[in-house]
1. Pop out the ³J(HN,Hα) list for segment 51-68 in order, Karplus 6.51 cos²θ - 1.76 cosθ + 1.60 with θ = phi - 60°, rounded to Hz; leave Gly and Pro as x.
2. In whole Å and largest first, what semi-axes does the C-alpha gyration tensor of segment 129-187 yield when each eigenvalue is scaled by 5 and square-rooted?
3. Run the quick spin-label model on Ser186 and Ser121: label points 7 Å from Cα toward the beta carbon, then report their separation in nm to one decimal.
4. Taking 25 Å as R0, compute the FRET efficiency from the Cβ-Cβ separation of Ser108 and Glu80 and round it to 0.05.
5. 5 Å is the cut-off here: which amide hydrogens, built 1.01 Å from N in the peptide plane, fall below it relative to Tyr172, excluding neighbours closer than 5 in sequence?
6. Ser174: net charge of surrounding residues, Cβ under 15 Å, Lys/Arg +1, Asp/Glu -1, itself excluded?
7. Can you pull the percent of segment 88-141's accessible area that's carbon plus sulfur, 1.4 Å probe, other chains left in place?
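The values are calculated or read from the model by the stated rules, or taken from the named source; none is laboratory data. Small disclaimer: the values here were computed from a predicted structure and weren't measured. Glycine gets a Cβ as well: all are built from the backbone with ideal geometry, and neighbour counts include every protein chain shown. To get the accessible areas, we keep the full protein, side chains included, count just its heavy atoms, and leave off ligands, DNA and RNA. Shrake-Rupley method; radii C 1.70, N 1.55, O 1.52, S 1.80 Å.
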Amino acid sequence: MNKQHTLLRATLALCLSAFAIAQTALPASAARPASSSVVTNWYYPYQSLLPTGYTACALGADLQTCINGASNGDLIVIDEGVYTESITLDKAVGLYGLSDGATLVAVSGQRVLTVTGNMDSSTHIENLTFTGGLAAGGAGGGIHLEPGATPLLQSVVISGNAAVLGGGLYAYHSIVANDLTVVNNSASTGGGIY
C-alpha cells in the first residue's frame, strides 16, 4: 500500500469512529447501576419529538417536577440551554446535560442544587454548569451535599456562587469528582469548596 492509500484509510476510520460517537445518545459514564430494576430515561424540557428510549417530563413541568416524578436509578437528560431553577435532588436520580451541556442558574437568593437523597457515585451529575446561587447565612451557594449524598460530579462547572461556607460547593464529607471546575465563587470560609 502506498502512503496516500494508508492515509485515506486512517482518515476514513477516524471519520467513522467520530460518526459512531456522535450517534451515541449518552456516554458510557452516564450508565446507571445494574441493580436498578426499572430505569427510565427522562428528557427535559418536554418535547413532542423525543429520542428513542426517552420519556418526556410533563408538558410545562419544571425540572423539580421532573425529579419528583422520577425513581431511584432513573436518569434525567437535560437538553442544552440555560434554565433558571433551584432544585432539590432527594433520591438517587442522575442529571445529565446534553451536547454542550445545560446551565442551571439559581432562582434569585437561593442555591442552585441541594442534594439530600442517599446516593453513591453510581448516581451521576454530569455535563452541567451551576451558577448564580446564593446561600446567605448558609453553606453551598452552587451545590450543597447533605450527609449520605456522594454522587459523582463529572464534567461539572460551579461558578459565580456565594455562601458563608463553601461558596461553590459544600459537602459534609469527601466528594467524588472527575473534571470538576470550581471558579469565581465567594464565601467567608472556603470560597470554592468547603
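1. In residue order, the calculated couplings are x, 4, x, 10, 10, 6, 5, 4, 4, x, 6, 8, 4, 4, 5, 5, 4, 4 Hz.
2. Values: eigenvalues 57, 40, 11 Å².
Gyration-tensor ellipsoid for segment 129-187: 17, 14, 7 Å.
3. Between Ser186 and Ser121, the simple spin-label model gives 3.4 nm.
4. Calculated value: 0.60.
5. Residues meeting the amide H criterion: Leu145.
6. Working: positive: none; negative: Asp120, Glu146.
So the environment of Ser174 carries a net charge of -2.
7. Values: 770 of 1820 Å².
Its accessible area is 42 percent carbon and sulfur atoms.
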